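Everything below concerns the one structure shown next.
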Amino acid sequence: MKKFKTFTRKYLCLPYGIFMFVFIVMPLIILLLYAFSVKDGTGGLSFEFTFDNFASVFKSDNLAMLGRSLLIGLITTLICLIIGYPVAYLLADKKLRFGPTIVMLFMIPMWVNFLLRTLATKAMFEFIGIEMGMGTVIFGMVYNYLPFMIMPIYTTISKIDYSLVEGAADLGANSAVTFTKVIFPLSIPGVLSGITMVFTPTITTFAISKLLSGSKISLIGDYIDLQVEYMNYNVAAAISLVIVVIVGISMLVVNKYDKDNSTMGGGLW
């Protein structure tokens, strides 16, 4: 019986392992090959090892775009956290009868195509007469990625064991102390997950910045898209690899403060 269980588990993981290899490992290998290879006449690979592709990353204009991308990503993540945490905290309250319905309302826009949502936002700004720029880009970022901040925090808070809240109250803690000493620390995994899910796509996006700034603001994602359009795959791969390293470092920093990736079961309120 034990051998049968081992056999079943091992082979059930096989499809996932194949999927990971084909859609994650192989693309990263191809990215590495392009990043450290010389472009041939057809835009393919010549397999001649070089670091020249990374030279474009350190040009002043590209460094400015990278810094702008990181700044917008940080601002967007901070705004999403400031808005998303209180919303998630309120929606996790079981006394709120329509909480699940409101959560569904937050998720409904995500069923609409990303590009259509951005075009609709652009049309709204044009109708109102708001000039496109940094503010409209950040608004579009927050609008598109706010649910990715709310949902993990909501899920984490809703699973906190309510007996801990009752225990804090029995020991004389008021609502503010209970929140700061019990609820917020236990919700940190959800906060870190939300930060990762918002920050990562915001620093690599290009559709929002292009559409909601009237092509006035260029982010590093726009430059990568431009290089792909001109078949400069080697340069695009080199810059993408730098972004992968930045995202990887960010995730390592986040995981450093997330020692326990699970919260205690139960229901809050």
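The values are calculated or read from the model by the stated rules, or taken from the named source; none is laboratory data. In this text, all values refer to a predicted model and were calculated from it rather than measured experimentally. Backbone-built Cβ (ideal geometry, glycine too); neighbour counts: all protein chains shown. We work out accessible area using only protein heavy atoms, side chains counted, and drop any ligands, DNA or RNA first. Shrake-Rupley method; radii C 1.70, N 1.55, O 1.52, S 1.80 Å.
Taking segment 86-103 as the range and being over 15 Å from Leu146 (Cβ atoms) and either open to solvent by 80 Å² or more (accessible area, probe 1.4 Å) or among the polar types (S, T, N, Q) (or both) as the test, the residues that pass are Lys94, Lys95, Arg97, Phe98, Pro100, Thr101.
Selection of segment 160-191 for residues being surrounded by fewer than 14 Cβ atoms within 10 Å (Cβ to Cβ) and part of a loop (DSSP other than H, G, I, E, B) yields Leu171, Gly172, Asn174. Condition check for Thr205 on (1) assigned to a loop (DSSP other than H, G, I, E, B); (2) modelled with pLDDT of 85 or more; (3) surrounded by fewer than 22 Cβ atoms within 10 Å (Cβ to Cβ); (4) not basic (Lys, Arg): one failure, at (3). For segment 56-69, the candidate set comprises residues that are hydrophobic (A, V, I, L, M, F, W, C) and within 22 Å of the chain's Cα centre (by Cα); within that set, the residue that is most open to solvent (accessible area, probe 1.4 Å) is Leu63.
Here Leu115 meets each of (1) open to solvent by less than 80 Å² (accessible area, probe 1.4 Å); (2) within 18 Å of the chain's Cα centre (by Cα); (3) under 30 Å from Tyr233 (Cβ atoms) with one exception, condition (1).
Conditions tested, residue by residue: (1) at positive phi; (2) surrounded by 21 or more Cβ atoms within 10 Å (Cβ to Cβ); (3) not in a loop (DSSP other than H, G, I, E, B).
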residue	(1), (2), (3)
Ser193	no, no, yes
Val198	no, yes, yes
Lys210	no, no, yes
Ser215	yes, no, no
Ser218	no, no, no
Leu226	no, no, yes
Val235	no, yes, yes
Gly248	no, no, yes
Asn255	no, no, yes
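From the list Ile72, Ile108, Ile83, the lone residue that is modelled with pLDDT of 85 or more, part of a helix (DSSP H, G or I) and open to solvent by 60 Å² or more (accessible area, probe 1.4 Å) is Ile83.
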